[in-house]
Amino acid sequence: MPYPENAMNKDGKVKAIGAGLISAYGELMHACSDVPKHKQFDPEVTVVTTYDDSKYQPMYFVAKSIKDVMDKIKTYAATMNKSFVNVYNPYNQTICQMAPKGYALERLNKLKIEITHLSEVMENSLVS
């Protein structure tokens, strides 16, 4: 599977970043050469592209910058249908998965309680 870390286009030259290429000198030289194809990074194409991992890749996805990659990944991720939400609990340092509706209802109930407490504090401070 290709990773968006593989190649960047800087000043018209293909540069490489990320452990996938930096740790393999031969593939690094191959990736930055004119031998493989260099296509514009597109997450929708990248996620369905397969390779034989016993050989150098015949194609690398190239982006203008890390920001460009991150923006495209965020846009792509926003289109995904999520059947659950990952929720981090800082008190016991765990992650649980909840259905989006259940998560929203739980958050609303917690917000109602917080608003009630804040209202009581404000009322008591105004009376004093």
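Summary of computed values
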{"read-out": "Residue count, the range 28-54 (criterion: hydroxyl-bearing (Ser, Thr, Tyr) and in a helix (DSSP H, G or I))", "value": "1"}
{"read-out": "Which listed residue, of LEU105, LEU126, is of a type in the set (A, V, I, L, M, F, W, C), out of contact with any Lys or Arg (no Cβ under 8 Å at 6 or more places or on another chain) and at pLDDT 90 or above", "value": "LEU105"}
{"read-out": "Filter result (surrounded by 11 or more Cβ atoms within 10 Å (Cβ to Cβ), of a type outside the set (Val, Ile, Thr) and outside any loop (DSSP other than H, G, I, E, B)) within the range 66-96", "value": "ASP68, MET70, ASP71, LYS72, TYR76, CYS96"}
{"read-out": "Criterion violated by GLN57 - all others in (1) outside any helix (DSSP H, G or I); (2) more than 18 Å from GLY18 (Cα to Cα); (3) not aromatic (Phe, Trp, Tyr) satisfied", "value": "(2)"}
{"read-out": "Selection count, the range 55-82, where residues are within 26 Å of TYR103 (Cβ to Cβ) and among the hydrophobic types (A, V, I, L, M, F, W, C)", "value": "5"}
{"read-out": "Inter-residue pairs, beta-carbon under 7 Å, first over 16 Å from ALA24 (Cα atoms) and in the range 51-64, second modelled with pLDDT of 85 or more and among the β-branched types (Val, Ile, Thr), 6+ apart", "value": "PHE61/THR46; ALA63/VAL69"}
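The values are calculated or read from the model by the stated rules, or taken from the named source; none is laboratory data. Small disclaimer: the values here were computed from a predicted structure and weren't measured. Neighbour counts are summed over all protein chains in view; Cβ atoms, including those assigned to glycine, are modelled from backbone coordinates with ideal geometry.
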